[in-house]
Amino acid sequence: MLESFRRPLLVALFLLALLGFHSLWVLAGGQYHVDLIFWPWKLGLSLAAAGLVLVLGVGNRKQFWISSLLLLGVLVVAGLVTYQAHLNEPTDEDGENTEQLS
């Protein structure tokens with residue numbers, strides 16, 4: 001009986017991991033900076049992270065450690081891409097002075 005639900009459960013786990021990774025990325029990096037990232041980076045890193053979470057869920061002990069290290073690498077790359085977007089964000093061209101008055 002459980003074998004017949006295996007594929008739908010794996011699809012649900014993949015989609016939940018995809019949603020969770022994107023939510024974590026937006027919370028950690030900020031929505032504005034994530035919006036500035038080129039879309040193939042966001043798609044590739046999100047799919048890689050969700051796939052690795054799926055392997056963590058169904059893999060054996062050796063796959064667990066390899067997938068954990070790869071997932072950590074994906075998270076580091078996502079952080080570096082977000083930081084690069086932060087460094088290269090567009091400037092305001094209003095001509096107004098953006099200093100705060102104290």
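The values are calculated or read from the model by the stated rules, or taken from the named source; none is laboratory data. Remember, predicted model here, so these are calculated numbers, not experimental data. Positions of Cβ are backbone-derived with ideal geometry, glycine not excepted, and every protein chain shown enters the neighbour counts.
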Selection count where residues are in contact with a Ser or Thr (Cβ under 9 Å, 6 or more places away or on another chain) and at pLDDT 95 or above, scope region 75-102: 1
Scan region 78-90 for residues that are farther than 16 Å from Leu18 by Cα and assigned to a helix (DSSP H, G or I) and jot them down. Gly79, Leu80, Val81, Thr82, Tyr83, Gln84, Ala85, His86, Leu87
For region 56-74, which positions are crowded, with 17+ Cβ neighbours inside 10 Å and closer than 21 Å to Leu9 by Cβ? Leu56, Ser67, Leu71
Taking region 1-41 and keeping residues buried (at least 17 other Cβ atoms within 10 Å of the Cβ) and charged (D, E, K, R) leaves none
Looking only at residues in region 36-69 that are closer than 15 Å to Tyr83 by Cβ and in a helix (DSSP H, G or I), which one is modelled with the lowest pLDDT? Leu36
